[in-house]
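Enquirer: Would you mind keeping the following structure in view while I ask a few things?
The values are calculated or read from the model by the stated rules, or taken from the named source; none is laboratory data. Note that the coordinates shown come from a computational prediction; the quantities given were computed from them, not determined experimentally. Cβ sites come from the backbone with ideal geometry, for glycine too, and all protein chains shown count toward neighbours. Each accessible area value is taken on the protein alone, full model and side chains, heavy atoms only, with ligands, DNA and RNA left out. Shrake-Rupley method; radii C 1.70, N 1.55, O 1.52, S 1.80 Å.
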Amino acid sequence: MMKKLLLLTLALVMAMSMSAKKKYITLQSGDVQVLNQPGKTALYEFDYSKTICEGKPLEQYLKDRGEENVRDWPGECIETQDNYFMPRWNDESKMNISLIKEGKADYKIVVHVTDLDLGSTAAAMFIPSFSRKTGACEVSATVDVIDLSNNQTVCVLNVNKLRGVNMRAFEVASSETRRRGLTYKKMAQLICEFAQESNK
């Protein structure tokens, strides 16, 4: 009886995990299995040219917060992409394309960030709840996978209101850069898992 209960619990957890991935990562067009090519490499970049941040165009949002925010933004982007997104992707990529920063690659992955909410340190620290309002960064995006042999887009994924952390207040109460990095880290993981599970 206990064994059956354990198996049922494991099946339920796996089903919930699959449901979460499908909620956050969906296929818009093309073949996601193109990512399932161990040994192949991809350059990557994040595009913020059309990003709406907390209801405003990103450039306006940064200006409204002061010149310091405008100045620091490029460096913060490098940190979130190179120290969170790329390492997590490559940790997951035993069955996937690996990411590289520069050099000759087979593909290019472009994350077009459409909507961004950087979260709130105050909310993370003082709202006594584990709801989605506890301060974590939230991102929506489209992800293009481009075959560099012919510059054709072979797959487009949608990232839908993904929050990186919503149950560890000590993490979301840290800097905006770290909160965004944790969301990008989760994005990388879920994209790799989504591609791998398309083989099953």
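Enquirer: Does LYS94 satisfy being at negative phi, more than 18 Å from the chain's Cα centre (by Cα) and not in a helix (DSSP H, G or I)?
Expert: Here the answer is no, as LYS94 does not meet what is asked.
Enquirer: Let me ask something additional. Keeping to segment 63-109, report how many residues are in contact with an Asp or Glu (Cβ under 9 Å, 6 or more places away or on another chain) and either in contact (Cβ under 8 Å) with a residue 12 or more places away in the chain or surrounded by 17 or more Cβ atoms within 10 Å (Cβ to Cβ) (or both).
Expert: Summing the residues that are in contact with an Asp or Glu (Cβ under 9 Å, 6 or more places away or on another chain) and either in contact (Cβ under 8 Å) with a residue 12 or more places away in the chain or surrounded by 17 or more Cβ atoms within 10 Å (Cβ to Cβ) (or both) in segment 63-109 gives 9.
Enquirer: Filter segment 25-59 down to residues that are in a strand (DSSP E or B) and aliphatic (A, V, I, L, M), then give me how many there are. I'd like the intermediate steps shown before the answer.
Expert: Taking segment 25-59 as the starting set, the residues that turn out to be in a strand (DSSP E or B) are 25-30, 41-47, 52-53, 56-57.
Still in the running and aliphatic (A, V, I, L, M): 25, 27, 42-43, 52.
Within segment 25-59, residues that are in a strand (DSSP E or B) and aliphatic (A, V, I, L, M) number 5.
Okay, residues lined up against (1) touching a strand residue (DSSP E or B) at 6+ places or on another chain (Cβ under 8 Å); (2) at pLDDT 95 or above:
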position	(1), (2)
VAL111	yes, yes
ASP117	yes, no
ALA123	no, no
VAL145	yes, yes
VAL159	yes, yes
LEU162	yes, yes
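Residue by residue, here is whether (1) of a type in the set (Phe, Trp, Tyr); (2) touching a Lys or Arg at 6+ places or on another chain (Cβ under 8 Å) holds:
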position	(1), (2)
GLN60	no, no
ARG65	no, no
GLU68	no, no
CYS77	no, no
SER93	no, no
ASN96	no, no
TYR107	yes, yes
THR114	no, yes
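Enquirer: Which of the residues belonging to segment 22-49 are more than 17 Å from ILE109 (Cα to Cα) and open to solvent by 70 Å² or more (accessible area, probe 1.4 Å)? Even if it seems obvious, please write down each step before you answer.
Expert: Just the residues of segment 22-49 that are more than 17 Å from ILE109 (Cα to Cα), to begin with: 22-24.
Correct list: LYS22, LYS23.
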